Each structure stands twice: as structure tokens, then as C-alpha cells.
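The block underneath contains the structure these notes are about, expressed in C-alpha cells.
The values are calculated or read from the model by the stated rules, or taken from the named source; none is laboratory data. Quick caveat, the model's predicted, so the values are computed rather than measured. All Cβ positions, even for glycine, are placed from backbone atoms using ideal geometry, and neighbour counts span all protein chains on display. Accessible surface is based on the protein model in full, side chains and every heavy atom, while ligands, DNA and RNA are left aside. Shrake-Rupley method; radii C 1.70, N 1.55, O 1.52, S 1.80 Å.
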Amino acid sequence: MDNVKLSLISAVGMLVLAIGAVVYWRRVSKTALRWFWAGAGLWLVSVVMKLVVAVFTNRAVIGYMQAHLPQLVYVLAGSLFLGIQSSLFEIGLTLIAVLAWRQLGHDSNRAIAVGVGAGAFEALLLGLASGASIVACIAGAPGSEIIREGVETVAAGTPVFWLLATVERAIAIPCHTASRALVLLGVTRKAPSWVLSGFVLFALLDGVAGAAHVSGAIGSISMWWIELALLPFAVASILIL
């Protein structure tokens, strides 16, 4: 089957994971849907804020690091910068929200629901965007050649590439959930170490993902190596939860 058409599997997989995570935790915890939506809303606002700042800062900061630092130091510093930036916005807004509205961290079921809402909403949007771009490519829409080239590049170096995005979301959702739940409950239970752990967990997760970008690894190695590097954070997150 055509590699572009195979990519639809991952798009559908992301949608199934997004919906499944919410349905599962709602059935287990009996938590009201509004707490899942609260997490989704916080994620959306924080990501928009992060993207706006990134547009004006990231190119300059990463470019300066690349021009003035040895390659290894540049990759470490660049990935650390991207990880901290993501954590400050996404987890930082969660901290601000619970400081203003303690009900977000009223109990563990609710705190986890907020985290699931954030992770699932990201997976849902990514799945919809991926599916739409793939359908446009299959239909031969103008400009879709870039999408096909990207898919073929990944497929050439990554076995079973069509499962990649689904696995990535299966790793990301527990991390989104655990990092936010740690912050929410850390505030309401007066446990600063939990709050700090939430920030660190998310910064490390996005830092590893950032390292793949700043190092130029994407497209040059199997993407499964990157997922393998992210897997310990998912395991840790599940244990935390």
C-alpha cells in the first residue's frame, strides 16, 4: 500500500487514543467532563502563548547557540532550552490556574482528569490535522507534494513508520497527565516537591523531543530511537499515576 495511505493508520490511532483516554478515565473515576475540558482549555491557551513567544525568540536563541557552541554542547543547551520553555508555559499555566482555583486539584481523580484532558486534546488535534493533510495529499491538492516527501523520508528510515505517531501519543498522554497531576495535587496538598517534579518531568520529555530537532536527527535515523528515548518518561508517568 502507498506510504501516504498507510499514514492514515496513525492519524486514526491518535484519535482513538484521545477519545479512549477520556472515556476510560471518566468511567473509572466518574469525574465530570468539565474537568477534562478544563485541561484541554489550559493546554490550548498555553500552547498558543508558547508558539507566539517561540516565533519571536526560538530562531534567534537556537541560531546563536548553534553558531557559538560546540556541537554536543549546542544540542544539550538547545534541547534544555526547548524543554524548559515548554514546561514553563504548559505546566506553568497549570500552576497559575490551580493557585487561582484550587478546585482543579481537589482530589487525584480530578487532577488526573485535567491532565488527561490536556494530553487527549493535543492528540485529538494532531490526529485531525494529520488526517486532513493526508487526505489532501491523496486527493492531490496543490502543495501536497511537501507532505508526500515528508512521509516518504520518514518511511525510508523508519520500519513500521505508520505506527509511529500513535505510539508517540501513547507515550505523551501519560506524561501530560502525570506532570499536571503532580502540580495540581502538589499545590492543594502543600507538597512543593511534587510541583517541582511536574515541571522537571515535562521539561525532560520535551527536551528529549527537542534534541531530535536541534541535532538534525529527524530524517537521518529511525524515528523509533527517539520514541525509545522517550519511553522511560512514560513508564515513570504511569508509576506516578
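Matching residues to (1) surrounded by 15 or more Cβ atoms within 10 Å (Cβ to Cβ); (2) touching a residue at least 24 places away in the same chain (Cβ under 8 Å); (3) part of a loop (DSSP other than H, G, I, E, B); (4) among the aliphatic types (A, V, I, L, M):
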position	(1), (2), (3), (4)
G39	yes, yes, no, no
V45	no, yes, no, yes
V48	no, no, no, yes
A54	yes, yes, no, yes
V75	yes, yes, no, yes
I84	yes, yes, no, yes
T94	yes, yes, no, no
L99	no, yes, no, yes
G115	yes, yes, no, no
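Restricting region 3-30 to residues that are of a type in the set (S, T, N, Q) and buried (at least 22 other Cβ atoms within 10 Å of the Cβ) leaves a set whose member that is modelled with the highest pLDDT is S10.
For a quick check of your reading of the model, give me the residue pairs whose first member lies in region 132-150 and is in contact (Cβ under 8 Å) with a residue 40 or more places away in the chain and open to solvent by 80 Å² or more (accessible area, probe 1.4 Å), whose second is of a type outside the set (G, A, S) and assigned to a helix (DSSP H, G or I), with beta-carbon atoms closer than 6 Å and at least 6 apart or on different chains. Listed by first residue and then by second, the contacts come to R148/V4; R148/C137. Might you check whether a residue that is modelled with pLDDT of 95 or more, of a type outside the set (K, R) and more than 28 Å from V214 (Cα to Cα) occurs anywhere in region 49-71? So far as region 49-71 goes, no, none of its residues is modelled with pLDDT of 95 or more, of a type outside the set (K, R) and more than 28 Å from V214 (Cα to Cα). In region 191-206 there is at least one residue matching the filter, namely being surrounded by fewer than 19 Cβ atoms within 10 Å (Cβ to Cβ), in contact with a helix residue (DSSP H, G or I) (Cβ under 8 Å, 6 or more places away or on another chain) and not in a helix (DSSP H, G or I).
For residues that are among the hydroxyl-bearing types (S, T, Y) and open to solvent by 40 Å² or more (accessible area, probe 1.4 Å), scanning just region 207-233, find the one that is farthest from the chain's Cα centre (by Cα). Break it down into steps so the answer makes sense when it comes.
Of region 207-233, the ones among the hydroxyl-bearing types (S, T, Y) are 215, 220, 222.
Filter once more, so that each one left must be open to solvent by 40 Å² or more (accessible area, probe 1.4 Å): 215, 220.
Values: S215: 19, S220: 22 Å.
Going through the qualifying residues, I end up with S220.
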